[in-house]
Amino acid sequence: MKRRGTGRIVFLSSQAGQLGVFGYTSYCSTKYALKGLAESLQMELERENIYITLVFPPDTDTPGLKEENKSKPKETQMIIETSGLLSAEQVAKKIIQSTRKGSFTCSYGINGFLLTCLTCGAQPVTTVSEIIYQSLFIGLLRLIMLRVLKSFYKLVKKAKQIP
C-alpha cells in the first residue's frame, strides 16, 4: 500500500465492541481494543494516503454463530437479539459501500447508528453529516441509549429468575 501510495485497511469489530454485553466480557474487550488500534493507525497512515474502515456489525448468520448459539447464555442471546441478525452478504455489501465512500466507521441499522454516534469520542470524521449528527444529537441519543441499557439490565435480572 505504501508503494502504491494508497490503500484501505478494514477492521472487523462488532456492535459488542461498542457496548459491554453480559456473557461477552473477553469478546467485548478485544473488539473495543480494535477501535483504539484503528484510530491510532489511521493517524499514523493518513500521511501515506492509507485509510481505515472500522466495521461494527450485529450478529451475522454464519456457521460459527450457529455453533456459538448452542452454548451462549440466555441473557446474552436476549440482548444480542435486539439488533437483529444479518446475512454475511448484507454485512459484506455494507462494508464495500463504506470503504468506497471512504468512511472511517461502518455501522448497521438504527442500533448501530446510535452506538456509533455515542462512541465516536475522538475518532476521525469523514463527512459533514457525521459532524452534525454527532454534535447536535449526542445528548438526545445518550438519553435513548440509557433507556436501552436499562432494558438490557432488566433482561439480565429477569433471566436469572427464569429456571
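Starting from the Kirkwood Rh over alpha-carbon pairs, what translational D in µm² s⁻¹ does segment 98-163 have by Stokes-Einstein at 4 °C and 1.567 mPa s?
95 µm²/s
For R8, what residues show an amide H to amide H distance below 5 Å, using hydrogens built from the backbone and excluding near sequence neighbours?
Result for R8 returns Y51.
Please determine, in degrees from 0 to 90 and to the nearest 10, the orientation of helix 138-161 with respect to the longest principal axis defined by the Cα atoms of the chain, where the helix direction is its Cα long axis.
Computed tilt is about 40 degrees.
Below 12 Å, Cα to Cα, which aspartates and glutamates can K157 reach? Residues fewer than 8 away in the same chain don't count.
Leaving aside aspartates and glutamates fewer than 8 places away in the same chain, those within reach of K157 are E75.
Taking Cα atoms, how many degrees apart are the long axis of helix 88-101 and the longest axis of the chain, rounded to 10 and kept between 0 and 90?
Helix 88-101 sits roughly 30 degrees off the main axis of the chain.
For the chain, find the longest principal axis of its Cα atoms and tell me its angle to the long axis of helix 25-45, 0 to 90°, nearest 10.
Roughly 10 degrees between the two axes.
At a Förster distance of 22 Å, what's the computed FRET efficiency of R147 paired with K72, Cβ-Cβ distance as r, to 0.05?
0.35
Evaluate the Kirkwood expression for the hydrodynamic radius of segment 5-62, namely the inverse of the mean inverse distance over all pairs of different C-alpha atoms, and round to one decimal in Å.
Taking every pair of different Cα atoms in segment 5-62, averaging 1/r and inverting gives 12.2 Å.
Given the convex hull of the Cα atoms of segment 7-161, what is a quarter of its surface area in nm²? Before the final figure, lay out each step's value.
Details: hull surface 37.7 nm².
With the hull built on Cα positions only, its mean projection is 9.4 nm².
Coordinate-derived values only; no laboratory data. Everything quoted here is computed from the prediction, not taken from an experiment. Cβ sites come from the backbone with ideal geometry, for glycine too, and all protein chains shown count toward neighbours.
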